[in-house]
Amino acid sequence: KAGVTQTPRYLIKTRGQQVTLSCSPISGHRSVSWYQQTPGQGLQFLFEYFSETQRNKGNFPGRFSGRQFSNSRSEMNVSTLELGDSALYLCASSLTGGDRVGYTFGSGTRLTVV
Amino acid sequence: GQNIDQPTEMTATEGAIVQINCTYQTSGFNGLFWYQQHAGEAPTFLSYNVLDGLEEKGRFSSFLSRSKGYSYLLLKELQMKDSASYLCAVRGGYQKVTFGTGTKLQVIP
């Protein structure tokens, strides 16, 4: 079966712009989580969606938002981009979020803010 | 909140055994995961522990002690391809999964 698909793979934006990233989970998976990965901070939890509802939220400013559609696809949006938002954004899907098999990660979107 | 500690880097020799430790403090505990991440790639799931004890999967084993807030990942018969970062992650209350910053393992000939 198809894996987790994230688009786009690479993105370059300027400070102040906004960006939308997309994630299509594995078919049948209803939980989608988003993480920001930087060399110094590791994987930082952004939020998790389950059945179109935000179930958990990390400690990121309100500029970071997300949503999930009825087909479980998810988007995250970052408004008023800052240089520090440059990172790899990873999406992870699982059946319910409470599985023994853990998450399946997408390949990520590498965002560069200039 | 949740706090997860792992060593930043480790080096081991091909064919040897290496143990990567992880200590955690969490509000609520619903399992601990280990992931492997090669440079430039996404993390991939290695193991899951929710009860105390050792889980073995081929060359990889993972141990959990909930009372001590401690886990380790044991890699046997190290191969060069095992050079990667190993991420410890804890699932706490409300199924929220928090990752440690990872341990970069270098396997040398």
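What is the average number of partner chain Cβ atoms found within 10 Å of a Cβ in A:31-42?
Mean shielding count: 2.
With +1 on each Lys and Arg Cβ and -1 on each Asp and Glu Cβ, and nothing else charged, work out how big the dipole of segment B:5-109 is about its Cα centre, in Debye to the nearest 20.
Computed charge dipole of segment B:5-109: roughly 260 debye.
Based only on Cα atoms, what Rg/Rh ratio does segment B:35-109 have, Rh being taken as Kirkwood's radius? Can you show the working numbers first?
On the way: Rg = 13.0 Å, Rh = 13.3 Å.
Checking Rg against Rh, the ratio lands at 0.97.
Given the convex hull over the Cα atoms of chain A, what projected area results after averaging over all orientations, in nm²?
Result: 6.7 nm².
With θ set to phi - 60° and the Karplus curve 6.51 cos²θ - 1.76 cosθ + 1.60, what are the ³J(HN,Hα) couplings of segment B:39-46 in order, to the nearest whole Hz, using x for Gly and Pro?
Karplus-based 3J(HN,Hα) across segment B:39-46 equals 4, x, 10, 7, x, 10, 5, 10 Hz.
If I model a spin label as a point 7 Å beyond the Cα along the Cα-Cβ vector, how far apart are those points for B:Thr11 and B:Tyr94 in nm?
Distance between label points: 4.4 nm.
Calculate, in whole percent, how much of the Cα-Cα pair population of segment B:1-83 lies beyond 18 Å.
44 percent
Taking +1 at the Cβ of each Lys and Arg and -1 at the Cβ of each Asp and Glu, which of A:Gln44, A:Gly3, A:Asn77 sits farthest along the dipole of chain A towards its positive end, judged by Cα position relative to the Cα centre?
A:Gly3
Taking 0.36 nm per residue of sequence separation and subtracting the Cα-Cα distance, how much length would be gained by fully extending the chain between A:Val114 and A:Ile12, in nm to one decimal?
Extending this stretch completely gives an extra 36.0 nm.
What Kirkwood radius, in Å to one decimal, follows from the Cα pairs of the protein assembly as shown?
Values: mean 1/r = 0.0558 Å⁻¹.
Over the protein assembly as shown, the inverse of the mean reciprocal pair distance is 17.9 Å.
Where the centroid of each part is defined by its Cα atoms, how far is segment A:1-33 from segment B:44-97 in Å?
Going from one Cα centre to the other spans 27 Å.
With θ set to phi - 60° and the Karplus curve 6.51 cos²θ - 1.76 cosθ + 1.60, what are the ³J(HN,Hα) couplings of segment B:102-109 in order, to the nearest whole Hz, using x for Gly and Pro?
Residue by residue, segment B:102-109 yields x, 10, 7, 9, 10, 9, 10, x Hz.
By count of other Cβ within 10 Å, fewest leading, how are A:His29, B:His38 ordered?
Lowest to highest Cβ neighbour count: B:His38, A:His29.
Could you work out which residue, out of A:Thr96, A:Thr104, A:Thr80, moves most in a Gaussian network model of chain A, that is, has the largest mean-square fluctuation with Cα springs under 10 Å?
Sorting by GNM fluctuation, first place goes to A:Thr80.
Order these peptides, B:100-107, A:30-37, by their mean beta-carbon neighbour count within 10 angstrom, highest first. Before the final figure, lay out each step's value.
Working: B:100-107: 19.6, A:30-37: 23.6.
Going from most to least packed, we get A:30-37, B:100-107.
Can you compute 3J(HN,Hα) from phi for each residue in segment A:96-111, using the Karplus curve 6.51 cos²θ - 1.76 cosθ + 1.60 with θ = phi - 60°, rounded to whole Hz and x for Gly and Pro?
Values, residue by residue: 10, x, x, 7, 6, 8, x, 8, 10, 8, x, 6, x, 10, 8, 9 Hz.
Every number here is computed from the coordinates shown, using simple stated rules; none is lab data. Bear in mind that the values here come from a model prediction, so they are computed numbers and not experimental data. When we count neighbours, we look across all protein chains shown, and the Cβ atoms used for this are built from the backbone with ideal geometry, even at glycine.
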